[in-house]
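Accompanying notes for the structure given below.
The values are calculated or read from the model by the stated rules, or taken from the named source; none is laboratory data. If you're wondering where the values come from, they're calculated on a predicted model, not measured in any experiment. Neighbour counts run over all protein chains shown; Cβ positions are idealised from the backbone, glycine included. Areas reflect the complete protein model, heavy atoms only, side chains present, ligands, DNA and RNA absent. Shrake-Rupley method; radii C 1.70, N 1.55, O 1.52, S 1.80 Å.
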Amino acid sequence: MRSDNIKKGLERAPHRSLLKSVGLTDEEMSLPFIGVVNSWNEIIPGHIHLDKLAEAVKAGIRMAGGVPFEFNTIGVCDGIAMGHTGMKNSLPSREIIADSIELMVEAHQFDGMVMIPTCDKIVPGHLMAAGRLDIPTIVVTGGPMMPGIVGDEQRDVISLFEAVGARRNNKITDQELRNLEDCSCGGAGSCAGLFTANTMACVTEALGLSLPGCGTAHAVDAKKVRIAKHSGMKILELIEKGITARKIVTQESLDNAIRIDMAIGGSSNTALHLPAIALEYGLSLSLSRFDEVSRETPHLINLRPGGDRFLIDFERAGGVPAIQKRLMEKLYPDTLTVTGKTLARNLDEYIIINPRANKEIIATLKSPVHAEGGIAVLRGSLAPDGSVVKQTAVSKNMLKHTGIARVFDSEELAMAAIMGKKIKPGDCLVIRYEGPKGGPGMREMLSPTAAIAGMGLIDSVALITDGRFSGGTRGPCIGHVSPEAAVGGPIALVREGDMIEIDIPGRILDLKISNEEFEKRQKAWKPPALKVTKGYLARYQKQVGSADKGAVIR
């Protein structure tokens, strides 16, 4: 066992003494040591209950004959960080999370890990660490929040972000806004729609790193506690069989995960996280692969924000295994999972307990919600290295659009224009210098997109940025424009009044200026002054790569 390095032999008497000081017995010294990697904290709704899940995981480990050691990682709530300078810290936290797990596991030589992450950057950070360390690993994602009920309708946090614009436009009253504020987010769990957190939970299960049913099992459901216990028990089996993370995450299982992501209409942020995750497993994943898989994968379930259903509906319909069953002919069936069995074997054993909901909520391959999957990758003179849009959340009349550029060099300037009612139908809102380097930190633009929706402009105004979007964003919102403005990408050359062409079916994003004008502007462009000069963000700004490659630290 790896843990023998800290507990076996004459030379390790001091180490054993230190371990005994935390309560270990001689009997426990002969058992596998399991790291329980918990992202619990008291500020993120998706994490507030993870201390209870950790207790369940540890109970399972003990039942199976292991010794659990819990430690924590940091976590940022994207919803709370949204719309202000705090969002600059969200994406960079992904790398800190992965690094901190690596340091703890390597220093203490754990034999295996059970990871308990939830929310947008925390799940990817854990998955990156799992690939880097390549020891037996199981992931227990914390589960979605139940939707709130306001005005006799189900609601979630996106209802609030859009309500801000609606209130500014006098479409709702102060009391209606307060009702939404009080009741939309009702308790523990990641936000109730198919936003980035829940997308990444489903992707983790699709990769084979979580037990079947984990991705959609809700935070308040006893099912999640049982999954946590079984995960604690199962990790001992993986250690015994030598099944490590890299034996589960392969090029084929990555393809499976992308296909499930496309079929459920997941967050565009997966196009940022999965390439970064693949890199840690020694694999290659290009942005183009998302588009290739999307073109041949039908969209099968219409969840928020593009549709009107919530994660609880997906759970009732059978969750990720139900989608996998629909898509089985398009998946690699022999990929290994943390059950110790193949995907095909898992699906043979999985029971759909709500067959009517399964048929009503999940479409068929012959009659899908959309013919193509959730994400489209656009290229052209404005994004030669690519850009990403969640096409299943775009109305038909905006799939093709040519509009006048309204240019802003920060999210705050754009937000002021939106709330000041200076954006008109037909405009193409350009927000730049918000990329990985330019932000720094590649902020999400949920506040502007939600304000546009709340003000009734979501079907007439496009938004283009070298930043990124929340998984809760809907509408013609194109992010990850690469190269970014801070390195002189074409988005830095756009001027107020230019015409921009968007053709999502044709995968085109073009700035409609002549080659001569483009070259003239390119020669005149100068890099802007750095926005930060100290601390982690300054180091991040110097080392981070392009969004089309996953925005990884090099």
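Observations on the structure shown:
- Under the Karplus curve 6.51 cos²θ - 1.76 cosθ + 1.60, θ = phi - 60°, whole-Hz ³J(HN,Hα) for the range 81-97, x wherever Gly or Pro sits: 7, 5, x, 8, 5, x, 5, 4, 8, 5, 4, x, 5, 4, 5, 5, 4
- Amide H contacts of GLY386 (H built 1.01 Å from N, under 5 Å, at least 5 apart or other chain): GLY380, SER482
- Filtered GluC sites (Glu not before Pro), the range 487-554: DSSP coil and at most 12 other beta carbons within 10 Å: GLU496
- With N the number of residues in the range 176-276, Rg(Cα) / (2.2 N^0.38 Å) evaluates to 1.27.
- Farthest towards the positive end of the charge dipole of the chain, among the residues ASN256, GLY340, PRO355, is the Cα of ASN256, using unit charges on the Cβ of Lys, Arg, Asp and Glu.
- Atom-type composition of the exposed protein surface of the chain places 53 percent of the accessible area on carbon and sulfur (1.4 angstrom probe).
- Accessible-area order (highest first, 1.4 angstrom probe) of the listed residues MET455, MET415, MET1: MET1, MET415, MET455
- Close amide H partners of ARG155, meaning residues 5 or more places away or on another chain with modelled amide H under 5 Å apart, are GLY148, ILE149, VAL150.
- Relative contact order of the chain, pairs being alpha-carbon contacts under 8 Å that are 6 or more residues apart, as %: 15 percent
- For ILE478, distant residues with modelled amide H under 5 Å away: LEU463, ILE464, THR465
- Kirkwood Rh, angstrom, the range 354-435 [1 / mean 1/r, Cα pairs]: 15.9 Å
- Cα-based helix-to-principal-axis angle, 222-241 vs the chain, degrees rounded to 10: 60 degrees
- Between helix 157-168 and the chain there is an angle of about 30 degrees, using the helix long axis and the longest principal axis of the Cα atoms.
- Counting every C-alpha pair in the range 288-424, the share spaced more than 17 angstrom apart comes to 71%.
- Between ASP134 and THR173, the C-beta separation translates, for a Förster distance of 60 Å, into a calculated FRET efficiency of about 0.60.
- About its Cα centre, the dipole of the chain is roughly 340 debye, where the only charges are +1 on Lys and Arg Cβ and -1 on Asp and Glu Cβ.
- A Cα-only calculation for the range 1-128 places Rg and Dmax at 16.6, 57 Å.
- Helical content alone sets the calculated 222 nm signal of the chain at -11500 deg cm²/dmol, taking -39,500 (n - 2.57) per DSSP H segment of four or more residues and averaging over every residue.
- The HN-Hα couplings worked out from phi for the range 308-314 by the Karplus form 6.51 cos²θ - 1.76 cosθ + 1.60 (θ = phi - 60°) are 10, 9, 10, 4, 5, 5, 4 Hz, whole numbers, x standing for Gly and Pro.
- Residue-wise HN-Hα coupling along the range 143-150, computed from phi with Karplus coefficients 6.51, -1.76, 1.60 (Hz; x: Gly, Pro): x, x, 7, 6, x, x, 10, 9
- For the chain, the longest principal axis of the Cα atoms and the long axis of helix 270-280 meet at an angle of about 40 degrees.
- Per residue, the accessible area of the chain comes to 38 Å², computed with a 1.4 Å probe over protein heavy atoms only.
- Dimensionless Rg ratio for the range 489-538, taking C-alpha atoms and the 2.2 N^0.38 Å reference: 1.56
- Kirkwood hydrodynamic radius of the range 134-192, from the reciprocal of the average inverse Cα-Cα distance over all distinct pairs: 12.9 Å.
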